[in-house]
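Read-outs throughout are calculated quantities, based only on the coordinates presented, and are distinct from any laboratory measurement. Just so we're clear, the structure is a prediction, and the values are computed from it rather than from any experiment. Cβ sites come from the backbone with ideal geometry, for glycine too, and all protein chains shown count toward neighbours.
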């Protein structure tokens with residue numbers, strides 16, 4: 001069964017073509033969706049790519065969360081549809097209330113652009129099922145506001161639920177609990193600061209990002225075949 | 001009626017403020033010893049039409065909740081005149 005992914009393009013997004021190419025190379029059909037659309041085409045997963053949506057004015061993601069398409073993305077998420085937000089997309093999901101917490105300036109006040117190591121602490125999600133428990137992935141980061149924070153009670157609940165899915169091996173930005181990637185309570189919305197779409201080709205130095213997208217496609221293909229008539 | 005509103009947005013107490021910390025570390029280099037608790041926030045000014053000051057305050061508070069501040073990490077104060 002083919003899987004259909006929708007990549008949302010905001011004014012100021014700059015990773016959408018990398019997302020499109022990576023998902024396509026793994027066998028997905030990809031629709032690009034302009035942020036002003038009020039509805040989504042029929043897609044199995046929505047990707048909010050990295051960049052500087054609406055210039056990131058006021059706060060990262062603060063304006064983008066009010067883009068017309070976000071109501072449809074929220075509906076898709078509430079109905080259990082899969083959503084991935086990468087970097088700026090993660091910031092937008094937090095601002096939209098689809099993921100807990102918020103992303104602050106990096107603790108060192110430097111823009112960080114480098115390869116990092118990430119430990120998969122929950123391989124039982126739709127986004128990490130191809131990983132072994134504790135597997136370390138090599139994927140680049142590229143951000144100024146990646147310092148994830150939430151209140152202590154929320155963190156405790158998230159830890160109990162295994163919602164901190166990816167942790168930095170060597171925390172580069174001050175993120176609480178070394179969190180690099182988190183899921184919502186229902187497990188269908190995933191936000192991460194690192195860029196898996198930049199690590200899906202051996203020519204780029206790592207194919208570990210394909211493990212994330214590949215896990216998603218596995219999940220969706222299983223679901224499609226289960227739903228198909230015998 | 002037209003009202004002027006001033007909004008101050010600050011990180012909530014207890015949330016690390018790397019900008020404030022950096023400024024605090026820089027001040028002694030200029031000879032200002034004994035400076036503590038430096039916090040950096042935002043000051044937003046705007047004008048709006050409203051029935052009265054109470055209505056204006058209510059609407060600006062709503063703007064803060066929805067857009068001007070992120071209630072997860074920020075607190076805000078509104079003054080209208």
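Annotations for the structure displayed:
- Under the criterion of Cα pairs below 8 Å and six or more residues apart, the relative contact order for the range A:27-92 equals 44 percent.
- Among A:22, B:75, a tally of other beta-carbon atoms within 10 Å of each Cβ gives an order, fewest to most, of B:75, A:22.
- A simple spin-label model places pseudo-atoms 7 Å from Cα toward Cβ; at residue B:19 and residue A:26 they are separated by 3.6 nm.
- Average beta carbon contacts from partner chains per residue of B:10-20, 10 Å cutoff: 3
- Here the relative contact order of the range A:140-230, from alpha carbon pairs under 8 Å that lie six or more residues apart, stands at 22 percent.
- Semi-axis lengths, largest first, of the ellipsoid equivalent to the range A:1-132 are 22, 20, 15 Å, with √(5λ) applied to each eigenvalue of the Cα gyration tensor.
- Expected 222 nm ellipticity per residue - DSSP helices of 4 or more, -39500 (n - 2.57), all of chain A, to 500: -7500 deg cm²/dmol
- Note that the protein assembly as shown shows a convex hull volume over its alpha carbon atoms of 158 Å³ per residue.
- Using only alpha carbons, the range B:2-80 has a radius of gyration to Kirkwood radius ratio (Rg to Rh) of 1.13.
- Euclidean distance between Cα centres, the range A:139-218 to the range B:20-81, Å: 31
- Most mobile listed residue (A:181, A:205, A:214) in chain A, GNM with C-alpha springs under 10 Å: A:205
- When the Gaussian network model of chain A links Cα atoms closer than 10 Å, the mean-square fluctuations of A:160, A:29, A:56 top out at A:160.
- Ordered by the count of other Cβ atoms within 10 Å of each Cβ, fewest first, A:157, A:119, A:65 give A:157, A:119, A:65.
- With 10 Å bins from 0: P(r) over the range A:98-206, alpha-carbon pairs, percent: 15, 49, 32, 4, 0
- Average beta carbon contacts from partner chains per residue of B:58-71, 10 Å cutoff: 2
- Candidates A:155, A:23, A:103: whichever shows maximal mean-square fluctuation once chain A is modelled as a Gaussian network with Cα springs under 10 Å: A:155
- Using the Cβ-Cβ distance between residue A:186 and residue B:35 with R0 = 45 Å, the FRET efficiency computed as 1/(1 + (r/R0)^6) comes to roughly 0.45.
- Percent of beta bridges antiparallel (DSSP, the protein assembly as shown, rounded to nearest 5): 70
- Computed on chain B, with alpha-carbon pairs under 8 angstrom and 6+ residues apart, the relative contact order is 50 percent.
- In plain terms, the residue of B:8, B:60 with the fewest other Cβ atoms within 10 Å comes first and the most crowded comes last, giving B:8, B:60.
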